[in-house]
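What follows is a set of notes on a single structure, which appears directly below.
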Amino acid sequence: MKKIVLILLMAKCAYVGYSQVITPTVQGKFGIDADAQSNMFVTTSSSCNDCDDWFFKQVPNGNNSMFVIDTTGAGAILAGYQSNAATRNIPFYRKMGYPSFYQTNQRTLIDAVFVRDYHDHDQTAFTAGSNKNGDSPEDWTGESSNMLSKNDILDVFLHLRREGPNYNPTDQLWLFGAVAIEGTNGSRWFDFELYQTDIFYTRSTSGFTGFGPDAGHTAWKFDAAGNVTQVGDMIFAASYSGGLESIEARIWVDEAELLNTIPATFDWTGTFGGGKTQYGYAGIQPKNGDPFYFGVENAAPTWGGPWWVPRANGGLVQSYATGQFMEFGINLTVLGLDPVSLMGKTPCGIPFSKVMVKTRSSESFTSELKDFIAPFDLFLPPSVDVAADIPVFCGSSGVSTISVTNPYSTSIYNWTTTDGSIAVNNGTSITVDQPGTYKVTQVLENDCPAYAIDSATIVYDPACSVLGNNRITVTGSLNNGLVNLDWSVTSNKSIKNFTIERSTDGVHYTAAGEQHADPKLTYSAYKATDEVFGVRSSRIYYRIKATGYNGEVQYSKAVELSLTVNALSMKLTPNPVKNTLFINIASQADKDVQVFIYDITGNLVRSTNTHVQKGFSTIKMNDFDTWAKGMYTVKVVSGSDVLVERMLLTK
């Protein structure tokens, strides 16, 4: 199976050279009022139509107003805060409550996210020293550190939308953001930085990976006429002091572009924050002089959402304090960063891959960086994945159903084949009656270019024939990283052995085990298990290949299992242990974890920090040959999750 994921467009930036609106307002049908509940001007009685917000619908009359952040499970989070104060310093995030590119009430909701950071003693802080915006992320280092209140990020919000259902410049593209900082007065400075690469921060190494190729970023590039030929990283730098003072937009470029290029859709401001190379962040501004940003700081206590607000002192309150919550909106179309006007693309492109929010020590763009929220995904719809229930027509023609295994409600799936035959097309699945290759193209909306492509191949095997009307029935289940397979056959005496075949794409299978048939019984049932720790896929497929004494083979239908994990779990293998231990971790998300091993007296004898991926991961530990035989305790800690298992060491 071949996958092609087309990462298309991007958009974003800001500058201050023009008069800007810094009072409560509605822009892009979104209330920019420094209030997280859409009560305009921080009151409880003002009504507002078409002024969406982060959380609950606006109280007085709602009308077409809606909220964008998914608040599912908020009650459980709040209950945890109230019953266990130690949980108040544990980060979490929530995505948009609608699928990406959701269209409703004359607006297009592209994506949104809420992120809660560590408080006070922060686990994601920049090491004191020379970390600057102009440096390469390769040179940045992080640490755990106590934060000054003016630098301590509590919560971050981000939302991207189009003001209308159409993809043209009249339906302007808006970026909305908000930050809650522990400090409530004085000057504060923060940056929203957007990356084109999958940048990642690993706490165990205190370093960043996955950054861009141009001095740690991705550079914007232009042709001779000033048209954008490559979209790069960008940043919004904000200053607050008793209210919003400015938001500056910058893009990462080679300084030569600043000197020699006149951009077609925006202008340079002349500012440049470089690092140790010719690359740096250059300020940009709209060509027509129109205001492009709007923002305000809350002038009264503002509701902190259904999960309330943990403070740096360990307290828990319902509202952000006066001056603690800062909200802004940026018109990307006015700024010249709408995909409609960039590179001749449609507006369906992806604006960016990752977002990181940082605070600075002073107003200077090149001042020392302080707190940060590790890079997080904003826009990440699933790329199409397909599988066939019968990938082999065994000895004759047949019928197979090919389905999208991860359908996305707002995507459109177009099926084609050059050598097969599609009998029925149901949109997210097709029924085929001939061997061939069947391709599906996923688009995010009508008239958008391809977002992702996948294919499934149905083959004809003349050597494969049904063994005496035999029928193979197979089922599977997943339990803590172990797949349990059960199958039965109705004509067992003609079968010599079974091969268990495994696939991560539903097309290409490899042998995962073999089992001899029992020739004494006509009907027989069989069992097998298969470990999936370390499998880097969200789904896995199994089928049973039966081989007869005459060499003929028969395949069962495929069994599809989700490898999505709902909680953190652990399994030790082997156990007892001689010299090597595998700690198998199942996690619902990428996580930093700590591993501790204690002897029978409770003394800590080994520890390590590492990172596990979403799904199933394996941590290998060895060199136990010098340890005393006996029972040990293995403890894995990730945030508030603690897993404990006993390990028996033998010689």
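Things worth noting here:
- Screening the candidates ALA528, ALA512 for the property of being without any contact (Cβ under 8 Å) to a residue 40 or more places away in the chain and assigned to a strand (DSSP E or B) yields one hit, ALA512.
- Residue among SER638, SER607 that is small (Gly, Ala, Ser), within 19 Å of VAL577 (Cβ to Cβ) and either surrounded by 15 or more Cβ atoms within 10 Å (Cβ to Cβ) or out of contact with any Leu (no Cβ under 7 Å at 6 or more places or on another chain) (or both): SER607
- VAL26 satisfies every condition listed in (1) at pLDDT below 75; (2) under 21 Å from ILE330 (Cβ atoms) except (1).
- PHE236 being touching a Pro at 6+ places or on another chain (Cβ under 7 Å) and assigned by TED's automatic domain parsing to the domain that holds ARG161: no
- For LEU148, the conditions (1) at pLDDT 90 or above; (2) not in a loop (DSSP other than H, G, I, E, B) all hold with the exception of (2).
- Leading residue by the ranking (nearest to the chain's Cα centre (by Cα)) among those in the range 616-632 that are surrounded by fewer than 16 Cβ atoms within 10 Å (Cβ to Cβ) and not small (Gly, Ala, Ser): THR618
- Scope the range 531-563; condition out of contact with any Phe, Trp or Tyr (no Cβ under 7 Å at 6 or more places or on another chain) and in a strand (DSSP E or B); matching residues: GLU531, ARG539, ILE540, TYR541, TYR542, THR547, GLY548, VAL553, GLN554, TYR555, LEU561, SER562
Here's the yes/no breakdown for (1) at pLDDT 85 or above; (2) in the same structural domain as PRO449 (by TED's automatic domain parsing):
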site: GLN318; (1), (2): yes, no
site: ALA321; (1), (2): yes, no
site: MET326; (1), (2): yes, no
site: LEU337; (1), (2): yes, no
site: MET343; (1), (2): no, no
site: PHE352; (1), (2): no, no
site: VAL355; (1), (2): yes, no
site: PHE365; (1), (2): yes, no
site: VAL392; (1), (2): no, yes
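- Within the range 214-274, strands (runs of 3 or more DSSP E) holding 1 or more residues that are closer than 17 Å to LEU332 by Cα and modelled with pLDDT of 95 or more: 234-241, 244-254, 267-274
- Only one of ASP254, ASP233 that is over 27 Å from the mean Cα position of the chain (by Cα) and either crowded, with 23+ Cβ neighbours inside 10 Å or farther than 21 Å from ASP290 by Cβ (or both): ASP254
- Evaluation of LYS276 against (1) of a type in the set (D, E, K, R); (2) in contact with a strand residue (DSSP E or B) (Cβ under 9 Å, 6 or more places away or on another chain); (3) closer than 13 Å to ASN133 by Cα (one fails), failing number: (2)
- Among the residues of the range 110-157, those identified as among the aromatic types (Phe, Trp, Tyr) and over 26 Å from THR302 (Cα atoms) are PHE126, TRP140.
- Residue check for ALA11: aliphatic (A, V, I, L, M), part of a loop (DSSP other than H, G, I, E, B) and modelled with pLDDT under 75: yes
- Within the range 100-128, the set of residues being surrounded by fewer than 23 Cβ atoms within 10 Å (Cβ to Cβ), polar (S, T, N, Q) and touching a Phe, Trp or Tyr at 6+ places or on another chain (Cβ under 9 Å) comprises THR104, THR108, THR124, THR127.
- Qualifying positions in the range 584-604 - surrounded by 15 or more Cβ atoms within 10 Å (Cβ to Cβ) and farther than 30 Å from SER562 by Cβ: PHE596, ILE597, TYR598, ASP599
The values are calculated or read from the model by the stated rules, or taken from the named source; none is laboratory data. Everything quoted here is computed from the prediction, not taken from an experiment. Reconstructed Cβ throughout: ideal geometry from the backbone, glycine too, with neighbour counts over all protein chains shown.
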